[in-house]
Amino acid sequence: MAAQHMVTEHAVCALPGDHRDWRHLVIRVQRRGATDRWLVTWGAYYLTADGDWYPSMSRAVEYDEDEALIAADMVSKTVDVNGLTAADLLNR
(Lines give C-alpha, C1' and ligand atoms only; values in the text may rest on other atoms or scores of the structure.)
Protein backbone atom coordinates (compact mmCIF):
# COMPACT_ATOMS: atom_id res chain seq x y z
CA MET A 1 0.00 0.00 0.00
CA ALA A 2 1.41 3.38 -1.03
CA ALA A 3 1.80 6.05 1.59
CA GLN A 4 -0.70 8.86 1.34
CA HIS A 5 0.49 12.42 1.74
CA MET A 6 -1.65 15.22 3.04
CA VAL A 7 -1.11 18.68 1.63
CA THR A 8 -0.72 21.13 4.49
CA GLU A 9 0.32 24.29 2.66
CA HIS A 10 0.18 26.03 -0.70
CA ALA A 11 2.30 28.99 -1.78
CA VAL A 12 0.68 31.63 -4.00
CA CYS A 13 2.57 34.58 -5.43
CA ALA A 14 2.02 37.00 -8.29
CA LEU A 15 5.78 36.92 -8.94
CA PRO A 16 7.63 34.07 -10.67
CA GLY A 17 9.29 31.67 -8.24
CA ASP A 18 12.78 32.78 -9.23
CA HIS A 19 12.13 36.50 -8.63
CA ARG A 20 14.35 37.90 -5.88
CA ASP A 21 11.37 39.42 -4.02
CA TRP A 22 9.17 36.30 -4.22
CA ARG A 23 9.75 35.49 -0.55
CA HIS A 24 8.45 38.90 0.51
CA LEU A 25 5.19 38.66 -1.44
CA VAL A 26 4.36 34.98 -1.16
CA ILE A 27 0.97 34.23 0.37
CA ARG A 28 0.59 30.93 2.17
CA VAL A 29 -2.57 28.88 2.39
CA GLN A 30 -2.18 26.66 5.44
CA ARG A 31 -4.27 23.76 6.67
CA ARG A 32 -5.43 24.30 10.22
CA GLY A 33 -4.44 21.18 12.13
CA ALA A 34 -6.10 17.95 11.05
CA THR A 35 -9.25 19.78 9.93
CA ASP A 36 -10.28 20.67 6.41
CA ARG A 37 -10.14 24.37 7.26
CA TRP A 38 -7.51 26.66 5.78
CA LEU A 39 -5.99 30.02 6.71
CA VAL A 40 -4.40 32.61 4.43
CA THR A 41 -1.15 34.06 5.78
CA TRP A 42 1.45 36.59 4.72
CA GLY A 43 4.55 36.31 6.81
CA ALA A 44 3.35 36.38 10.42
CA TYR A 45 -0.02 37.92 9.54
CA TYR A 46 -3.43 36.33 8.99
CA LEU A 47 -6.09 37.45 6.53
CA THR A 48 -9.22 38.75 8.28
CA ALA A 49 -12.83 38.94 7.10
CA ASP A 50 -12.42 42.62 6.22
CA GLY A 51 -9.39 41.89 4.02
CA ASP A 52 -6.82 43.26 6.45
CA TRP A 53 -3.79 41.47 7.86
CA TYR A 54 -3.75 40.79 11.60
CA PRO A 55 -0.85 39.42 13.68
CA SER A 56 -3.00 36.89 15.53
CA MET A 57 -4.99 33.89 14.39
CA SER A 58 -7.88 35.09 16.58
CA ARG A 59 -9.37 37.20 13.75
CA ALA A 60 -8.34 34.97 10.85
CA VAL A 61 -10.93 33.72 8.40
CA GLU A 62 -11.17 29.96 8.04
CA TYR A 63 -11.89 28.80 4.50
CA ASP A 64 -12.26 25.54 2.69
CA GLU A 65 -9.22 24.82 0.52
CA ASP A 66 -10.63 26.16 -2.77
CA GLU A 67 -11.93 29.37 -1.17
CA ALA A 68 -8.57 29.93 0.52
CA LEU A 69 -6.70 29.53 -2.77
CA ILE A 70 -9.03 32.05 -4.44
CA ALA A 71 -8.57 34.53 -1.58
CA ALA A 72 -4.79 34.04 -1.69
CA ASP A 73 -4.72 34.64 -5.44
CA MET A 74 -6.68 37.87 -5.03
CA VAL A 75 -4.52 39.30 -2.23
CA SER A 76 -1.28 38.19 -3.89
CA LYS A 77 -1.82 40.99 -6.39
CA THR A 78 -2.22 43.67 -3.71
CA VAL A 79 0.43 42.95 -1.05
CA ASP A 80 3.55 45.05 -1.33
CA VAL A 81 7.16 45.25 -0.29
CA ASN A 82 8.38 48.79 0.36
CA GLY A 83 5.25 50.10 -1.36
CA LEU A 84 5.75 48.01 -4.51
CA THR A 85 3.27 45.33 -5.60
CA ALA A 86 4.21 42.34 -7.73
CA ALA A 87 3.08 44.23 -10.85
CA ASP A 88 5.30 47.18 -9.91
CA LEU A 89 8.28 44.89 -9.37
CA LEU A 90 7.74 43.11 -12.68
CA ASN A 91 7.54 46.42 -14.54
CA ARG A 92 10.85 47.72 -13.16
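Output the 0 to 90 degree angle, nearest 10, between the alpha-carbon long axis of helix 65-76 and the longest principal axis computed from the alpha carbons of the chain.
The angle comes out near 10 degrees.
Quick check: at a probe of 1.4 Å, how many percent of the accessible area of the chain sits on carbon and sulfur atoms?
50 percent
Let me know the volume per residue of the alpha-carbon convex hull for segment 12-78, in Å³.
Spread over its residues, the Cα hull of segment 12-78 gives 84 Å³ apiece.
Rolling a 1.4 angstrom probe over the protein heavy atoms, how many square angstrom per residue are accessible across the chain?
66 Å²
Give me the dipole magnitude in Debye, nearest 20, for segment 12-78 about the Cα centre, with unit charges on the beta carbon: positive for Lys and Arg, negative for Asp and Glu.
320 debye
The values are calculated or read from the model by the stated rules, or taken from the named source; none is laboratory data. Note that the structure is a prediction, hence the values are computed from the model and not measured. We place every Cβ from the backbone using ideal geometry, glycine too, and count neighbours over all the protein chains shown. Surface accessibility is based on the protein's heavy atoms, side chains included, excluding ligands, DNA and RNA. Shrake-Rupley method; radii C 1.70, N 1.55, O 1.52, S 1.80 Å.
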